[in-house]
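Peer 1: Sharing a structure with you now.
The values are calculated or read from the model by the stated rules, or taken from the named source; none is laboratory data. What you are looking at is a predicted structure, and each value in this text was computed from that prediction instead of being measured. Here the Cβ is made from the backbone with ideal geometry for all residues, glycine too, and neighbour counts use every protein chain on show. Keep in mind that these areas ignore ligands, DNA and RNA; they rest on the heavy atoms of the full protein, side chains included. Shrake-Rupley method; radii C 1.70, N 1.55, O 1.52, S 1.80 Å.
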Amino acid sequence: MKVEEIDAAEQMGEVGRILLERNRKKGILIHTLQAIQEDNGYLPEDVLRRLSKKLDLPLAEIYSVASFYKQFHFSPRGRKVVRVCMGTACYVRGSKKVLSTLEERFNIKAGETTEDLAMTLETVGCIGCCGLAPVSTVNKNVVGEIGSKKLNELIKTIKRDKDGEAKEHKGS
Ligand code: FES
């Protein structure tokens, strides 16, 4: 416990103790949410309910904390997360077309995930690679200078992964 914490607890008595305990739980909460998302790709409700009991924190409070951070997701994510940059340089060089083509080909809108979980499609602000505009990221990789050829390759890769996955399931 830090010196300031001891002082606060001593000065404020029971209220200070409760506040310190809540802060401690919140610190644990963020790390635990990160671990849950790492394992599942998102924050499943049943896991959050169990966490709520374990930490003795209301579920609403857990949701409130998790919603504050953009990094947390509450529904399953696609195996490929494609983020189309809509920053000025990319927009001027055709990112709107990239986005609309992906939306059409996978029959989803930005912010959605395909039913088979092959892809989540999102938009993003400038990611600092303006010289390669129009740019998208696919999971952690940056794909730059996306013309129709690269876009078709990207679509094929996502569809191929989807088919490969289906075959694996059939085989098993
Ligand atoms: S505007 Fe897209 S990378 Fe900068």
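Peer 1: Just to be sure I understand the filter: pairs with C-beta atoms under 6 Å, separated by 6 or more residues or on different chains, first member in the stretch 112-127 and hydroxyl-bearing (Ser, Thr, Tyr), second member within 16 Å of the ligand (Cβ to nearest atom). Which pairs pass?
Peer 2: Cβ pairs passing all conditions: 123/84; 123/86; 123/110.
Peer 1: Then there's this: Quick one: is residue 137 at pLDDT 95 or above, within 12 Å of the ligand (Cβ to nearest atom) and open to solvent by 40 Å² or more (accessible area, probe 1.4 Å)?
Peer 2: In short, no.
Peer 1: Separate question: Taking the criterion of being at pLDDT 95 or above, within 30 Å of residue 144 (Cβ to Cβ), surrounded by fewer than 16 Cβ atoms within 10 Å (Cβ to Cβ) and among the basic types (Lys, Arg), would at least one residue in the stretch 73-96 satisfy it?
Peer 2: yes
Quick grid of which residues meet (1) within 16 Å of the ligand (Cβ to nearest atom); (2) in the same structural domain as residue 144 (by TED's automatic domain parsing); (3) farther than 30 Å from residue 158 by Cα:
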| site | (1), (2), (3) |
| --- | --- |
| 19 | no, no, yes |
| 25 | no, no, yes |
| 40 | no, no, no |
| 47 | no, no, no |
| 53 | no, no, yes |
| 57 | no, no, yes |
| 96 | yes, yes, no |
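Peer 1: Restricting the stretch 105-131 to residues that are surrounded by fewer than 17 Cβ atoms within 10 Å (Cβ to Cβ) and over 21 Å from the mean Cα position of the chain (by Cα), which is farthest from the ligand (Cβ to nearest atom)?
Peer 2: Once the filter is applied, the top-ranked residue is 105.
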